[in-house]
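What follows is one structure encoded as structure tokens, with my remarks underneath.
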Amino acid sequence: MKLTKFIGMVVVFLAITSSSAFAGWSTCIGCHNGTVAPDKNKLVQQYPSVDAFIKAAQATKNPLMDTIKKDEKNLREAAQEIGLK
């Protein structure tokens, strides 16, 4: 059951990130839903600024973040969309 859920999340993640129509927070929301990864509210509480958010995202060791953490523009957009300054 857990493996099926994980595979489903990976498929959703790949579908979202492979589309250029998605940017910013919409790229993140597939995993950052509070189950797989911290949700929007938790991230806002945890990171006081856009720069802190980007630094943490780029420092993560999670392999699902490998492509995303290289895209600082998208990370900045996501941080701003969730309300970080």
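Bear in mind that the values in this text are calculations on the coordinates, not laboratory data. Just so we're clear, the structure is a prediction, and the values are computed from it rather than from any experiment.
A few comments on the model shown:
- Here the gap between Gln80 and Thr60, fully extended at 0.36 nm per residue and compared with their Cα-Cα distance, gives a gain of 5.3 nm.
- Separation of the alpha carbons by more than 18 angstrom is noted, of Lys5/Lys55; Lys42/Lys85; Lys5/Lys40, for Lys5/Lys55; Lys5/Lys40.
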